[in-house]
1. Helix-only estimate, please: 222 nm mean residue ellipticity of the chain, summing -39500 (n - 2.57) across DSSP H runs of length 4 or more and dividing by its residues, to the nearest 500.
2. Subtract the Cα-Cα distance of residue 36 and residue 103 from 0.36 nm times their separation in residues, and report this length gain in nm to one decimal.
3. Label points 7 Å out from Cα along the Cβ direction at residue 14 and residue 61: separation in nm?
4. Take the Cβ-Cβ distance between residue 95 and residue 7 as r, set R0 to 30 Å, and report the resulting FRET efficiency rounded to the nearest 0.05.
5. Using a 10 Å cut-off around each Cβ, can you sort 38, 121 from fewest to most neighbouring Cβ atoms?
6. Where the centre of each part is set by its Cα atoms, how far does the range 67-82 sit from the range 88-129, in angstrom?
7. Compute the FRET efficiency between residue 52 and residue 78 as 1/(1 + (r/R0)^6), taking r as their Cβ-Cβ distance and R0 = 25 Å, and round to the nearest 0.05.
8. If you take the Cα Rg of the chain and divide it by 2.2 N^0.38 Å, with N the number of residues, what do you get?
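What follows is calculated from the coordinates using simple rules that are stated; it is not laboratory data. Since this is a predicted model, take the numbers as computed values, not measurements. Cβ sites come from the backbone with ideal geometry, for glycine too, and all protein chains shown count toward neighbours.
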């Protein structure tokens, strides 16, 4: 029991120690802002890789690609490429924002599918008979 409590205490200590970094660079702030703006941009397209848990944002109008994975943001254009490591807290915020956007798009897609249903099961049975 002592060992278990000690392990839990160490995990909590490491979690808070890692997330207490207050020297957030200007590049981290700008990269996170770029991600937020692209997530909210109406012409952005989204993709999630379930195995690697990478999240991709593509905006053809702005000619920009962003990859969000493992506390890292990669911003790519035909002219430049930036790899920026961000703190865990900001990564989790962006991940949640991205996932919420994709989920809202999924819900709209499902509503569109369900709105096109013309026949009920009883109507289908009557039609088959």
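1. Working: 4 runs with 69 residues, N = 129.
The per-residue figure over the chain is -18000 deg cm²/dmol.
2. Details: separation 67, 0.36 × 67 = 24.12 nm, distance 1.58 nm.
Full extension from residue 36 to residue 103 adds 22.5 nm.
3. Rounded to a tenth, the inter-label distance reads 4.4 nm.
4. Details: r = 26 Å, r/R0 = 0.88.
It comes to 0.70.
5. Values: 38 20, 121 7.
In increasing order of surrounding Cβ atoms, one gets 121, 38.
6. 30 Å
7. Numbers: r = 24 Å, r/R0 = 0.96.
Computed FRET efficiency for residue 52 and residue 78: 0.55.
8. Details: Rg = 21.7 Å, N = 129, 2.2 N^0.38 = 13.9 Å.
Dividing the Cα Rg of the chain by 2.2 N^0.38 Å gives 1.56.
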